[in-house]
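Take a look at the structure set out below.
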Amino acid sequence: MLEGLREKLDMRDMYAATSYRIPDKLLFQVKGEKDSVFTDVLDRQLFLLSDGLKRLVELYEPRAVYKMVILMHMLTRRQQTYYLPFFEELPCLSPYAELHQDQRTIKHLVLDRERLQGKKIVRVSESEMPLIIVRLDVAESLLRREPVGIRLERVELV
């Protein structure tokens, strides 16, 4: 868990258009057990990529903006460098997608192929939570490197 996250970051700035409001380097203390593992993707409070995964993603999305985030595990005195990516946001939900009553939480994800415009990595703008979509070639490249803590799901395209 990230300590002090809400006091230091305005969650309204977690978009590419407002990323300039966030400092280039951030430092957070994390809670956890002695055997806690720093995975390649963290997606609970912020969407963060490990350094190695960020370098790979940059090959596919070189225009994305990244902010460095240092996570310090005080119990073990370990620190790990992550990156907060700001990917292009696209309204790419298909009319066949199903939303919950709040109209910001996706119940059944269906994407519109034309709206994706062949992009390699995008953030779905209609989702309240960070929802990152990667093209199949990016997904295959990610999986070949056997990342820790990453989960990919096939998405329906129409």
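Note on P(r) over Cα pairs in 10 Å bins from 0, in percent: of the candidates (1) 10, 37, 36, 16, 2; (2) 9, 29, 29, 21, 10, 3, 0; (3) 10, 39, 36, 12, 2, the value calculated from this structure sits at (1). Sites listed here are GluC sites (Glu not before Pro) in region 85-128 whose DSSP assignment is loop and whose Cβ has at most 13 other Cβ atoms within 10 Å: GLU128. Here region 94-146 has 48 percent of its accessible surface on carbon and sulfur atoms, given a 1.4 Å probe and all protein chains in place. Full extension of the chain between MET72 and GLU153 yields a length gain of 26.2 nm, computed as 0.36 nm times the residue separation minus the alpha carbon distance. When the surface is traced with a 1.4 Å probe over the full set of protein chains, ARG115 keeps roughly 100 Å² accessible.
Site-free segments of the chain were taken between chymotrypsin sites (Phe, Trp or Tyr not before Pro) in DSSP loops having at most 16 other Cβ atoms within 10 Å, sites themselves excluded; the longest one is 16-95. The equivalent ellipsoid that matches the C-alpha gyration tensor of region 1-86 spans semi-axes of 22, 16, 9 angstrom, in descending order.
Taken over region 107-158, the percentage of Cα pairs per 10 Å bin, counting from 0 up to the bin with the maximum distance, is 21, 56, 23, 1.
Cross-link check: pairs LYS31/LYS120; LYS31/LYS67; LYS25/LYS120 evaluated at a Cα-Cα cut-off of 23 Å; pairs beyond the cut-off: LYS31/LYS120; LYS25/LYS120.
Given a cut-off of 15 Å, what percent of all Cα-Cα pairs of region 37-108 lie beyond it? Of all Cα-Cα pairs in region 37-108, 64 percent lie more than 15 Å apart. Using only Cα atoms, locate the centre of region 9-42 and the centre of region 89-112, then give the distance between them in Å, rounded to an integer. Their Cα centres are 25 Å away from one another. Looking at the chain, the accessible area is 65 square angstrom per residue; that uses a 1.4 Å probe and ignores ligands, DNA and RNA.
Here r is the Cβ-Cβ distance between GLU58 and ASP10 and R0 is 25 Å; the resulting FRET efficiency, rounded to 0.05, is 0.45. For the chain, a Gaussian network of Cα nodes joined below 10 Å ranks ARG44, ARG123, ARG144 by mean-square fluctuation, and the top entry is ARG144.
The values are calculated or read from the model by the stated rules, or taken from the named source; none is laboratory data. Keep in mind it's a predicted model, so treat the numbers as computed, not measured. So basically every Cβ, Gly included, is an ideal-geometry build from the backbone, and we count neighbours across all protein chains shown. Ligands, DNA and RNA are excluded from the accessible area calculation, which covers all protein heavy atoms including side chains. Shrake-Rupley method; radii C 1.70, N 1.55, O 1.52, S 1.80 Å.
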